[in-house]
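Participant: Would you mind keeping the following structure in view while I ask a few things?
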Amino acid sequence: MTDAASAQPAPPILPGPAGDGPPAPLDLFGRAVALAAPGWLPRQRWFGDKTRAVAAVRLRDGAVERVGPEPLGLLLLAVALADGGTADYFVPLALTGADVPPTAILAIVGGDAGGRLVVDALALPAARAWLLERLAAGDHHHGAGGELVWRPSPGMTEHLAPARAGESRVSGAEQSNSAIVYADTLLLKVFRK
């Protein structure tokens, strides 16, 4: 019998960019999505089109922010399905050298960024903390074709101090979305589709 981690296929290696220096993060995320997302998305718990084959995935829009030294992509992916249908998914990705669960790894990056991984950003505690701060501030992030708007709910302020002080985790109970639990006092629902 094999466990879920050992049953995961090896993530593809994304070639580094030609030329000098590291790749631009949005370009790197776009290449990782095109190469690896058609096989990776159907294995994600939150992917809502599991019964349909994925033909191709491309970056529709996105914005890149820094969480410490690591780029975090707030990405909208266009998923082309083999039956002719399409779907859009919100997928925050990060470029990191951190240890994450195998299911979170989209691709391994070669070249100047070698040894780094493109991962589901929700697997990283620093990214989860960053998302909480954006929500608390009611931030806006602009992509090429749209805007991501953070809207805190009424009454959230009274729960921020314990949420910031405690640990965060991604709940395993959701299906078509993701939920981040902060110190068992706040829940951030990340709508994927």
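Participant: Dipole of the chain, Cα-centred, from +1 at each Lys and Arg C-beta and -1 at each Asp and Glu C-beta, to the nearest 20 debye?
Facilitator: Dipole size: approximately 380 debye.
Participant: Using a 7 Å offset from the Cα along the Cα-to-Cβ direction at both V149 and A161, what is the distance between the two label points in nm, to one decimal?
Facilitator: So the two model labels end up 3.1 nm from each other.
Participant: Here is a further query. With a probe of 1.4 Å, find how much accessible area the chain has per residue, and write the answer as a whole number in Å². If you can, show how the numbers build up before the last one.
Facilitator: Working: 9640 Å² over 193 residues.
Ligands and nucleic acids excluded, the figure is 50 Å² per residue.
Participant: Rounded to whole Å and sorted largest first, what semi-axes of the equivalent ellipsoid does the C-alpha gyration tensor of region 120-193 yield via the square root of 5 times each eigenvalue?
Facilitator: Details: eigenvalues 75, 52, 26 Å².
They are 19, 16, 11 Å, listed largest first.
Participant: By how many nm would the segment from A78 to S176 grow when fully extended, if each residue of separation counts as 0.36 nm and the alpha-carbon distance is taken off?
Facilitator: 33.7 nm
Participant: While we're on this one: Over the chain, what is the relative contact order in percent, taking alpha-carbon pairs closer than 8 angstrom and at least six residues apart? Write down the numbers at each step before the final one.
Facilitator: Details: 363 pairs, mean separation 36.7, N = 193.
It comes to 19 percent, rounded to a whole number.
Participant: Could you state the angle between the C-alpha long axis of helix 125-137 and the longest principal axis of the C-alpha atoms of the chain, as a value from 0 to 90 degrees rounded to the nearest 10?
Facilitator: 50
Participant: Quickly estimate the mean residue ellipticity at 222 nm for the chain, helices only: each DSSP H run with n ≥ 4 gives -39500 (n - 2.57), and the total goes over all residues, rounded to 500. Before the final figure, lay out each step's value.
Facilitator: Working: 4 runs with 42 residues, N = 193.
Rounded to the nearest 500, the figure is -6500 deg cm²/dmol.
Participant: In whole angstrom, how long is each semi-axis of the equivalent ellipsoid of region 53-101, when you take the square root of 5 times every eigenvalue of its Cα gyration tensor and sort them from largest down?
Facilitator: On the way: eigenvalues 138, 32, 8 Å².
Gyration-tensor ellipsoid for region 53-101: 26, 13, 6 Å.
Participant: Right, here's the next one. For the ranges 153-161, 75-83, what's the packing order if you count other beta-carbon atoms within 10 Å of each residue, average per peptide, and put the highest first? Write out the running numbers ahead of the final one.
Facilitator: Numbers: 153-161: 10.9, 75-83: 17.3.
Ranking, from highest mean packing down: 75-83, 153-161.
Participant: Which of the three applies to region 50-182, rounded, prolate or oblate, going by the alpha-carbon gyration tensor with a ≥ b ≥ c and a/c under 1.5 meaning rounded? Could you put the intermediate results ahead of the total?
Facilitator: Working: a/c = 1.61, a/b = 1.32, b/c = 1.22.
It is prolate, given that a/c is not under 1.5 and a/b is the larger ratio.
The values are calculated or read from the model by the stated rules, or taken from the named source; none is laboratory data. In this text, all values refer to a predicted model and were calculated from it rather than measured experimentally. We place every Cβ from the backbone using ideal geometry, glycine too, and count neighbours over all the protein chains shown. Remember, those area values only see protein heavy atoms, side chains included, never the ligands or the DNA or RNA. Shrake-Rupley method; radii C 1.70, N 1.55, O 1.52, S 1.80 Å.
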